[in-house]
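Undergrad: Structure incoming, see below.
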Amino acid sequence: MLKAGSLRENWLRPFFFYGNNWLSLLGGAITTASAMVLVGFWVVSVVGHGGSSNPYLGILFDLLLPGVFVAGLVLILVGIFIRRSFLLSTDQVPSFFPEVSIHDPVFRRGLDIVVVATLMNFIIVGVGCYRGVAYMDTVSFCGATCHVMAPENAAYHVSSHAGIVCTECHVAPGTAGYVHAKVNGTKQLFMVLVDHYPKPIMADHKVPVASATCLHCHNPNAELGDKLVVSQSFADDATNTQTSSVTVLHIGGDDALGHLSGIHGAHSGKIEYVATDADDQTIPWVRKSNPDGSTTDFIASGAPAPNIAHPQVMDCIGCHNRAAHSFDTAQGALDKMMAQGSPSATLPFLHKEGLALLKTKYDSQGEAKARITSGLITFYRSQYPSVWDAQRPQIQNSANSLVRIYIDNIFPAMNVGWGTHPNNIGHTDSAGCFRCHDGNHTSKAGKTITNDCSVCHNLVVSNEPHPKLLTDLGMH
Ligand code: HEC
Ligand code: HEC
Ligand code: HEC
Ligand code: HEC
Ligand code: HEC
């Protein structure tokens with residue numbers, strides 16, 4: 001066993017003796033300076049209120065600075081190795097290593113150099129980091145790199161959750177969640193830097209479970225009752241005939257007496273499923289836990305038996321998968337905007353032409369902007385010259401609105417097109433509820449997951465031009 005004394009003599013003394021060279025001293029200074037900046041950053045992010053949310057800090061503080069730290073250590077060793085080899089080859093190795101003492105002028109000189117160099121390095125590394133952080137906040141840096149988040153970012157800014165920071169839903173609380181997110185985020189940022197990442201980016205189950213995120217703000221047992229949903233649509237005829245639909249959705253929940261009801265009450269915590277694709281769109285196996293403790297398995301007829309070793313528990317995200325990033329369909333977005341007045345329903349065949357222009361494939365948002373605008377103008381100028389003469393501002397405004405629908409939903413650079421990120425909340429645009437409620441998932445006992453329309457909603461009015469109901473309700 002090494003004693004403290006022999007440790008000092010056999011290791012510490014030769015270390016300082018050989019280490020007293022320019023390269024090792026510089027390495028020592030770099031290591032200490034980067035360590036000081038790193039520790040400072042950690043203290044700020046733990047004691048301060050979370051520090052900056054800039055994700056690129058990860059690259060700086062989790063990759064670059066630790067890299068500089070290690071490089072400093074390597075320099076120390078390289079310096080020692082070179083000096084030792086030199087002394088060995090010139091036969092200058094002393095038989096006795098000098099004592100490490102503050103009174104020794106040689107040791108003092110080395111110490112002075114380290115202190116001065118550390119201070120200088122500290123200023124260089126510190127200013128470098130500060131400027132790096134400032135640079136990463138600039139539009140030019142984000143424009144060049146953050147574009148991979150453009151689809152989610154755009155949709156997020158028009159969602160109900162626009163004020164909520166990304167990490168509320170994307171990072172589980174606690175150390176494990178933080179570390180997981182840091183490791184993942186740094187890895188992803190690296191993939192962006194080397195231009196090697198999936199396009200489009202899919203959620204792929206990387207979002208933490210609802211209990212770690214959504215339920216910090218939402219009460220899973222709230223009784224939400226029935227909700228009246230009014231929607232407008234426009235036909236492809238010359239006058240863009242407008243009709244309305246009224247649906248009463250039975251959202252339900254958990255009332256004061258503990259009665260579960262409606263859509264929310266039917267699933268909470270008691271449904272498990274297995275999906276065979278990364279996007280959870282194909283669900284061949286569903287298990288329901290019954291109140292008596294037994295379970296019922298529903299299996300899609302005709303589907304090959306899936307591996308049920310790791311079922312997912314259905315939580316809020318099972319239906320509200322687009323809570324913060326909902327992309328519309330071309331038809332849905334156009335109907336909504338036309339109901340608000342632009343694109344203008346006073347222009348003949350606007351709905352038909354607009355939809356065709358929106359659904360055309362363009363190589364970039366810039367190209368879409370130019371071609372949608374020129375396409376609409378050309379249509380009216382050539383087919384309806386009198387309309388073109390009389391309603392030029394409406395045509396230009398309508399073109400602008402079509403462009404806006406396009407750039408809010410379609411991102412050619414990320415391969416995000418119509419329907420890339422389906423919304424699971426309904427069933428008209430993608431399978432949604434019908435992933436299970438398609439009337440094709442049946443248990444051994446012959447029970448089928450319901451497909452009865454009225455269990456989920458009452459379609460009170462279906463595409464009527466002027467429903468009396470809306471007039472009675474004062475909603476028209
Ligand atoms: C209210 C919660 C919430 C907030 C806030 C939120 N997200 Fe999401 N995000 C989700 C959910 C839920 C999913 C999809 C999960 C699934 O389908 O399994 C998702 C998916 C994603 C995806 C994967 C691709 C996709 O579209 O499915 C990206 C990238 C993403 N979010 C980025 C962001 C960014 C950037 C922000 C902040 C600007 C943000 N999110 C804010 C809940 C949120
Ligand atoms: C930090 C708090 C917070 C978190 C976390 C959060 N929400 Fe919300 N959510 C809100 C608030 C506040 C509103 C109401 C916004 C409004 O009324 O404009 C809301 C509204 C909603 C709505 C109704 C409006 C809509 O867009 O349909 C749904 C559904 C919803 N949240 C689901 C979720 C889901 C699912 C998650 C988890 C992925 C989640 N929320 C996470 C705060 C939060
Ligand atoms: C089985 C599917 C499903 C699950 C699971 C689910 N929801 Fe919903 N939720 C819906 C539907 C459908 C609506 C009505 C959609 C609409 O408003 O267009 C809704 C509406 C809502 C609303 C808005 C109510 C309003 O008045 O607009 C909130 C908030 C909400 N859900 C929160 C949650 C939370 C939180 C969870 C998890 C505890 C959850 N939901 C789980 C299907 C679901
Ligand atoms: C992962 C599969 C799955 C998905 C997706 C799903 N459900 Fe369900 N749902 C079930 C199962 C299983 C039951 C229980 C069936 C039973 O007990 O017979 C159920 C029951 C219900 C019930 C109660 C039916 C009754 O007879 O009382 C309603 C209402 C309902 N779901 C609405 C929805 C809505 C709305 C959506 C989409 C937003 C949806 N579900 C999505 C699996 C699913
Ligand atoms: C498992 C529950 C469920 C079943 C069963 C179901 N639906 Fe739906 N349906 C929904 C939900 C949820 C929405 C979305 C409502 C919204 O836009 O918020 C929806 C939306 C719709 C819409 C669009 C309404 C609008 O105003 O845009 C139509 C039409 C519709 N359903 C028809 C039907 C018909 C017809 C059946 C019976 C064959 C049926 N649905 C069965 C849950 C269900």
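The values are calculated or read from the model by the stated rules, or taken from the named source; none is laboratory data. Quantities reported herein were computed from a predicted structural model and do not represent experimental measurements. All Cβ positions, glycine included, derive from the backbone under ideal geometry; neighbour counts span all protein chains shown. These area figures cover heavy atoms from the full protein model, side chains too; ligands, DNA and RNA do not enter into them. Shrake-Rupley method; radii C 1.70, N 1.55, O 1.52, S 1.80 Å.
Undergrad: Being more than 16 Å from ligand 1 (Cβ to nearest atom), of a type outside the set (S, T, N, Q) and surrounded by fewer than 18 Cβ atoms within 10 Å (Cβ to Cβ) is the requirement here; does PRO291 meet it? Spell out the reasoning first.
TA: Working: more than 16 Å from ligand 1 (Cβ to nearest atom): yes; of a type outside the set (S, T, N, Q): yes; surrounded by fewer than 18 Cβ atoms within 10 Å (Cβ to Cβ): yes.
It is true that PRO291 is more than 16 Å from ligand 1 (Cβ to nearest atom), of a type outside the set (S, T, N, Q) and surrounded by fewer than 18 Cβ atoms within 10 Å (Cβ to Cβ).
Undergrad: Now for a separate question. So, of the residues in segment 235-268 that are within 16 Å of ligand 2 (Cβ to nearest atom) and in contact (Cβ under 8 Å) with a residue 60 or more places away in the chain, which turns out to be least open to solvent (accessible area, probe 1.4 Å)?
TA: Selected residue: THR247.
Undergrad: Taking only segment 79-102 into account, find how many residues are assigned to a helix (DSSP H, G or I) and either among the small types (Gly, Ala, Ser) or open to solvent by 60 Å² or more (accessible area, probe 1.4 Å) (or both).
TA: 9
Undergrad: So for segment 446-453 (the condition being in the same structural domain as ASN290 (by TED's automatic domain parsing), more than 16 Å from ligand 1 (Cβ to nearest atom) and part of a helix (DSSP H, G or I)), does at least one residue qualify? Talk me through it step by step, then tell me what you get.
TA: Initially, segment 446-453 is screened for residues in the same structural domain as ASN290 (by TED's automatic domain parsing), giving 446-453.
Then drop every residue that is not more than 16 Å from ligand 1 (Cβ to nearest atom), which leaves 446-453.
From what is left, the residues that are part of a helix (DSSP H, G or I) are 453.
Yes, some residue in segment 446-453 is in the same structural domain as ASN290 (by TED's automatic domain parsing), more than 16 Å from ligand 1 (Cβ to nearest atom) and part of a helix (DSSP H, G or I).
Undergrad: Looking only at helices (runs of 4 or more DSSP H) that lie completely in segment 235-350, which have at least 3 residues being away from ligand 3 (no atom under 16 Å from the Cβ)?
TA: On the way: elements: 262-267, 316-319, 330-340.
Helices (runs of 4 or more DSSP H) meeting the threshold: 330-340.
Undergrad: Here is a follow-up. Note down all Cβ pairs under 8 Å where the first residue falls in segment 385-403 and is under 13 Å from LEU350 (Cβ atoms), the second is open to solvent by 80 Å² or more (accessible area, probe 1.4 Å) and not in a helix (DSSP H, G or I), and they're at least six residues apart or on different chains.
TA: GLN391/THR346; GLN394/THR346
Undergrad: Just one of the numbered conditions (1) outside any loop (DSSP other than H, G, I, E, B); (2) crowded, with 18+ Cβ neighbours inside 10 Å is not true of GLN396; which one?
TA: Among (1) outside any loop (DSSP other than H, G, I, E, B); (2) crowded, with 18+ Cβ neighbours inside 10 Å, GLN396 violates only (2).
Undergrad: When the residues of segment 423-463 are narrowed to those that are of a type in the set (Asp, Glu) and surrounded by 14 or more Cβ atoms within 10 Å (Cβ to Cβ), which ends up farthest from ligand 2 (Cβ to nearest atom)?
TA: Keep residues of segment 423-463 that are of a type in the set (Asp, Glu), which gives 429, 438, 452.
If we keep only those that are surrounded by 14 or more Cβ atoms within 10 Å (Cβ to Cβ) too, we end up with 429, 438.
Working: ASP429: 15, ASP438: 23 Å.
Looking at residues that are of a type in the set (Asp, Glu) and surrounded by 14 or more Cβ atoms within 10 Å (Cβ to Cβ), I get ASP438.
Undergrad: Within the group HIS218, HIS259, HIS250, which residue is in contact with a strand residue (DSSP E or B) (Cβ under 9 Å, 6 or more places away or on another chain) and either within 13 Å of ligand 5 (Cβ to nearest atom) or more than 30 Å from GLY354 (Cα to Cα) (or both)?
TA: Details: HIS218 fails: in contact with a strand residue (DSSP E or B) (Cβ under 9 Å, 6 or more places away or on another chain); HIS259 fails: in contact with a strand residue (DSSP E or B) (Cβ under 9 Å, 6 or more places away or on another chain).
Criteria check complete, one pass: HIS250.
Undergrad: Answer yes if at least one residue in segment 119-131 is farther than 30 Å from PHE97 by Cβ, modelled with pLDDT under 75, open to solvent by 70 Å² or more (accessible area, probe 1.4 Å) and under 30 Å from the mean Cα position of the chain (by Cα), and no otherwise.
TA: yes
Undergrad: Given (1) surrounded by 16 or more Cβ atoms within 10 Å (Cβ to Cβ); (2) touching a residue at least 40 places away in the same chain (Cβ under 8 Å); (3) in a helix (DSSP H, G or I), identify the lone condition not met by THR420.
TA: (3)
Undergrad: Residues that are within 11 Å of ligand 2 (Cβ to nearest atom), free of Cβ contacts under 8 Å to residues at least 40 places away in the same chain, closer than 19 Å to VAL165 by Cβ and buried (at least 17 other Cβ atoms within 10 Å of the Cβ): does segment 210-218 have at least one?
TA: No: segment 210-218 contains no residue that is within 11 Å of ligand 2 (Cβ to nearest atom), free of Cβ contacts under 8 Å to residues at least 40 places away in the same chain, closer than 19 Å to VAL165 by Cβ and buried (at least 17 other Cβ atoms within 10 Å of the Cβ).
Undergrad: Another question, then. Within segment 351-390, how many residues are within 30 Å of the chain's Cα centre (by Cα) and assigned to a loop (DSSP other than H, G, I, E, B)?
TA: Looking only at segment 351-390, we keep the residues that are within 30 Å of the chain's Cα centre (by Cα), and these are 355, 357-370, 372.
With the extra rule that they be assigned to a loop (DSSP other than H, G, I, E, B), the set shrinks to 360-364.
Within segment 351-390, residues that are within 30 Å of the chain's Cα centre (by Cα) and assigned to a loop (DSSP other than H, G, I, E, B) number 5.
Undergrad: Scan segment 408-417 for residues that are open to solvent by 30 Å² or more (accessible area, probe 1.4 Å) and of a type in the set (A, V, I, L, M, F, W, C) and jot them down.
TA: ALA413, the sole residue that qualifies.
Undergrad: Hey, among GLY426, GLY446, GLY417, which residue is within 16 Å of ligand 5 (Cβ to nearest atom) and of a type in the set (Gly, Ala, Ser)? Working first, answer last.
TA: Values: GLY446 fails: within 16 Å of ligand 5 (Cβ to nearest atom); GLY417 fails: within 16 Å of ligand 5 (Cβ to nearest atom).
It is GLY426.
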